[in-house]
1. Looking at the range 19-124, which chymotrypsin sites (Phe, Trp or Tyr not before Pro) are in a loop (DSSP not H, G, I, E or B) and have at most 10 other Cβ atoms within 10 Å?
2. If I stretch the segment between ILE3 and PHE83 completely, what's the gain in nm (0.36 nm per residue apart, minus their alpha carbon distance), one decimal?
3. Within the range 23-66, list the residues whose amide N lies under 14 Å from a label point set 7 Å along Cα→Cβ of GLU73.
4. Could you tell me the distance between the Cα centroids of the range 1-42 and the range 65-119, to the nearest Å?
Amino acid sequence: MNIPSDLYDMIIRSMPIPCVDLIVINNQKKILLLLRKNEPVKGQWWFPGGRVHFNELREDAARRILKAECGLEGIKINELGTFDVLLNVSSENRVSHGITTLFYTCVSFDVLPVLDEQSLAYEWRTIKEWKMVCNRNFVFKGLTYFFAFRQNVKVNGNYSGRQMFFFKTFGEFSQTY
């Protein structure tokens, strides 16, 4: 759904925007990040992601965005958590406030991403490699959360359903990833 630019400008200056972001992992246990072309994270490595449309479920938005931004389809998309993301947009003298749900999914390594006009490049790296590059932003926080999640972290003394799915789908990871 396209919102007229003057209305969208008023909305983003008045309230948080519901968004989704995706941690995309391939069968070589590497994470996909995109070099963003547009604000609010212009010139930064970031997860594929974007806003949720009116009358669209967040998981459906995640699938739509993964296909539109990367030309990829995830095997199964799972929710990790929801976060506030506040970003300074100095070129527009404003703060971008998104409430984003972070999902993770696995894709085949032999399918190459096809980027849309919002990104300049993509790279697959390990979590450890990405955390060295993205050490002060939401990507770092999301990767840290994902790393803890997949390292067999227990929730209230029991494994959650999401963790059990993760381990059945992706298997164990070593500390080097």
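Computed from the coordinates by the stated procedures, all read-outs in this text should not be read as laboratory data. Quick caveat, the model's predicted, so the values are computed rather than measured. Here the Cβ is made from the backbone with ideal geometry for all residues, glycine too, and neighbour counts use every protein chain on show.
1. Working: sites: TRP45, TRP46, PHE54, PHE83, PHE103, TYR104, PHE109, TYR122, TRP124; in loops: PHE54, PHE109.
Sparse-neighbourhood loop chymotrypsin sites (Phe, Trp or Tyr not before Pro): PHE54.
2. Full extension of this stretch gives 26.4 nm more.
3. Within reach of a label on GLU73, which here means backbone N under 14 Å from a point 7 Å along Cα→Cβ, the range 23-66 contributes 63-66.
4. That distance is 6 Å.
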